[in-house]
Amino acid sequence: MSMLFAILFYLATLVFVVGLLQRIRTYAATPAPLKIPTTPAPTTTGGVVLRMTREVVFFESLFKANLWTWSMGWLFHASLALVTLRHLRYFTEPVWGWVAFIQPFGIYAGITMLLGLCGLWVRRLFVERIRYISTPSDHLMLLLLIAITVSGLLMQFVAHTDVVAVKGYFIGLMHLDIRVLPSDLLLMLHLMLVTTLLVVFPFSKLLHAPGVFFSPTRNQTDNPREKRHLSAWAAKLESEK
Amino acid sequence: MADITAPAYRIIPIVPALKPDAMAGKGPFVASDKINEAIGFPGQLVEDWHDKAIAKMGELLSKYRSLKVYMDACVHCGACSDKCHYFIGTQDPKNMPVARQDLMRSVYRRYFTLPGKLFPKLVGARDLTREVLDEWYNYFNQCSECRRCSVFCPYGIDTAEVTMAAREILDSIGYGQKYSNEIIGKVHKIGNNLGLPGPALIDTLEGLEEDVKEATGIDVRFPIDVKGAEVLLITPSADFFAEPHIDSLIGYAKVFHATGTSWTLSSMASEAGNFGMFIGNYDQLRKIALRIREAALELGVKRIVVGECGHAWRVAYSFWNTLSGVGDGAGEVDRFAQMLQKQLDHRYKQPTHICEFTWDAIERNALTFDKAKNDKHIITFHDSCNVARGSRMGDLPGGQFEIPRNIIKAVASNFVEMSPETTREQTFCCGGGGGLLTDDLLDLRVKGALPRMEVLQQVVDEHGVNFMATICAICKAQFTKVMPIYGFDRRMVGGVHQLVSNAIILGEEK
Amino acid sequence: MASIEVGGKSYETDEEGYLVNLAEWNADVANYIAKTESVEMTDQHWEVINFLREYFDEYQIAPAVRVLTKAIGKKLGAEKGNSEYLYGLFPYGPGKQACKIAGLPKPTGCV
């Protein structure tokens, strides 16, 4: 069983990393031939970094759009960030100071993450417009995240697993040393679901995470009059003339 | 068309309930063989349209990062779902920006992603059938590319980019829209969207000189094709032809007169509008823009000023430097752009919006006004979508909002803002932009104007507003047409330079 | 292509009812199109239509609304030289509706 999970994890990580890098490479390699920032837009690179930071950290545009979606979405994402960082303790020895510091917050973030996810799902289920645009995969994605969160919370608050052994297993994995994984059903479920998430990531709407950084309406500087912007394929049109 | 009526105002602007297929149909008139072939598109739907369309989609995905990222990034959060004026006015769920994008995204998933190839039902992927294609034609011609949705999307997904791609694909297989394609043909052939030939243009301009002389006693000139003029004015051809557009043209001429600017129009480049953008076709966009470059080079002008036209200002401000070199900052070895940029005077922004030109003159105290001439007006300002969300004026972000307002306040005493959720970057499209300003879409246009009409009604009721100024030829034409259907006087709409024209003092009669 | 039947003869029109071949235009066709537009043709209407035809013959385009109002004003008196008068005659807009009846192509663009 430990071996099976090891193979699964290696494969999932491979798919995740290669798939994601490949996707990012495609985005980066695809030209943006025209200046299309949604204005008013920053006129300097520094300004663009700030705009992007506000977008990624505070979900500025979503805030303008809809407070319910924003609050649930932000709660979920912020909690997810904390929870993920907290999980670094299972991959580092000794545990980094700041990881140890956020540990208690990370635990409660599991609860707020669940709240956020449920809020988003309620919206998807009961707001007519959002239900209309939802595909089965949209619901399944929420279900997957909720299942990961719930299985994690159960291990935290109800049926503890042997975290020392789990940590040993993952530290081992990182050194290509397959150790024994506690055969605990909840843990198995949790890990299975996480590998699923990793595999699905590069092929699904989760690509919004890298995508936002490549969005021309957000990442372009508003200086078209001051500097000539020309993509390679557009430049060719001029040389053919 | 007499049976087209305005939808009722919402009591409080709540999100409307869905009315599926409320706007299902055939869409606007399809372009004829003659119209399509004149601009290099297949005359009618080609036999292997399916394969051609998918191939074109693949090509566009590799040429436009926007399209590529936007096809992947949407999470169906619904932030945009209640932001489109056409959705608000029609309640058709396919007019929600996300649903409109999904018309294409579903096909993208089917042909370009692994999950869509393996589990189409699960991820909402669809084959490109004839029904889907017809749906594209109908609903991608119900988007005015106003970008309001892109303001609210957490990933900045711009439905305009998707609509442009869809129309580009449709054109490439011979399924183009009559209104836009016919107009593009006229620009190439005659030099402007109207098809106004040189002699008619000259006759119109001479008539204007007479009119202004009669009204003011001053010889204000409307020069055309003058070599060596300092300023080349590029303005929408509607300014030569339609009401109230022409009053703003008179306003520009008076500003040039009062500032002692030598200026000229061009009979070759007698159009600011560029419908190449509406159909998402880079070649057309570029070819139309190159007419202006050619005119500028030929006339040897130092500055290029653009008249009141919303999408034209987006193209001029954001794209001209890329397309034709009208701008600054080309590389040393960029001979194509340098050829023009060496000629232009870079103490000024190139291109300059007429509002920037006028506001600059006002700030220099080069213009004087008799504000009382506008006292009969209680004025509000409608931000035009392309100016608001696809361009800038002046040095600071948001100058496109401040400068026109500053001008109005400088030439008139009574100015009132409409509700802030509907102005500046959150402004609503007039309902006729993006190549939809055609009589066969009048029902859609009337419905799309609903959110603007609602807030206009508010300021009419509360402040007695009787004039809505705007700086876009499409807005002017659209409002003139649809406002009477909402019970407003069509003369309530006009240009910012119409107000300038009313109040400007030109000096003593000679 | 669509067409209309007037006096036993068929005339080709575009989707919106504008005459395709403007040489075919005659008074009967004008009256017919006017009827479909719910416009009751009077001498005042004909003044406008005739001016449009003349202007088109010279310039290959319909006149700007302003040019039209000025010409009508000169011919029929200043009180008629305004767009209100023209809208009174052609409620759907003097530009498009009058052009249609006069058998001229529809003005395109942002008008």
Take the conditions under 27 Å from residue B:364 (Cβ atoms), acidic (Asp, Glu), buried (at least 19 other Cβ atoms within 10 Å of the Cβ) and more than 8 Å from chain C (Cβ to nearest Cβ) and apply them to residue B:239. Does it pass? yes
Determine which single condition residue B:92 fails, assuming it passes every other condition in (1) open to solvent by 30 Å² or more (accessible area, probe 1.4 Å); (2) closer than 26 Å to residue B:147 by Cβ; (3) more than 10 Å from chain A (Cβ to nearest Cβ); (4) not aliphatic (A, V, I, L, M). (1)
Given the options A:191, A:198, A:206, A:187, name the one that is within 14 Å of chain B (Cβ to nearest Cβ) and open to solvent by less than 60 Å² (accessible area, probe 1.4 Å). A:206
Here is a list of conditions, (1) in contact with a Gly (Cβ under 9 Å, 6 or more places away or on another chain); (2) more than 10 Å from every other protein chain (Cβ to nearest Cβ), and residue A:160 meets all of them except one; can you say which number that is? (1)
Take residue B:161 and decide whether it is outside any helix (DSSP H, G or I), within 14 Å of chain A (Cβ to nearest Cβ) and in contact (Cβ under 8 Å) with a residue 60 or more places away in the chain. no
Taking the stretch B:464-499 and the residues there that are outside any helix (DSSP H, G or I) and within 11 Å of chain C (Cβ to nearest Cβ), the one that is farthest from residue B:194 (Cα to Cα) would be B:489
Restricting attention to helices (runs of 4 or more DSSP H) lying wholly within the stretch B:58-136, give those where 3 or more residues are under 23 Å from the mean Cα position of the chain (by Cα). B:65-73, B:85-90, B:97-112
Contact list please: Cβ distance under 6 Å, first residue in the stretch B:63-84 and within 7 Å of chain A (Cβ to nearest Cβ) and hydrophobic (A, V, I, L, M, F, W, C), second residue open to solvent by 20 Å² or more (accessible area, probe 1.4 Å) and assigned to a loop (DSSP other than H, G, I, E, B), pairs at least six apart or on different chains. B:73/B:155; B:79/A:66
Give me the pairs: first residue in the stretch A:128-156 and more than 10 Å from every other protein chain (Cβ to nearest Cβ), second residue open to solvent by 50 Å² or more (accessible area, probe 1.4 Å), beta-carbon distance under 6 Å, and six or more apart or on different chains, which are they? A:142/A:121; A:151/A:189
Could you please let me know if residue A:122 is modelled with pLDDT of 95 or more, of a type outside the set (Asp, Glu), part of a helix (DSSP H, G or I) and more than 20 Å from the chain's Cα centre (by Cα)? yes
How many residues, within the stretch C:58-79, are facing chain B (nearest Cβ under 7 Å) and of a type outside the set (D, E, K, R)? 6
If we only count helices (runs of 4 or more DSSP H) wholly inside the stretch A:135-223, which ones have 1 or more residues that are within 30 Å of residue A:37 (Cα to Cα) and out of contact with any Cys (no Cβ under 9 Å at 6 or more places or on another chain)? A:136-157, A:208-211, A:216-219
So, in the stretch C:92-106, exactly how many residues are facing chain B (nearest Cβ under 9 Å) and open to solvent by 10 Å² or more (accessible area, probe 1.4 Å)? 5
For the stretch B:351-384, which positions are in a loop (DSSP other than H, G, I, E, B), hydroxyl-bearing (Ser, Thr, Tyr) and surrounded by 23 or more Cβ atoms within 10 Å (Cβ to Cβ)? B:384
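The values are calculated or read from the model by the stated rules, or taken from the named source; none is laboratory data. Small disclaimer: the values here were computed from a predicted structure and weren't measured. Positions of Cβ are backbone-derived with ideal geometry, glycine not excepted, and every protein chain shown enters the neighbour counts. Side chains included, ligands, DNA and RNA excluded: accessible areas come from the protein's heavy atoms. Shrake-Rupley method; radii C 1.70, N 1.55, O 1.52, S 1.80 Å.
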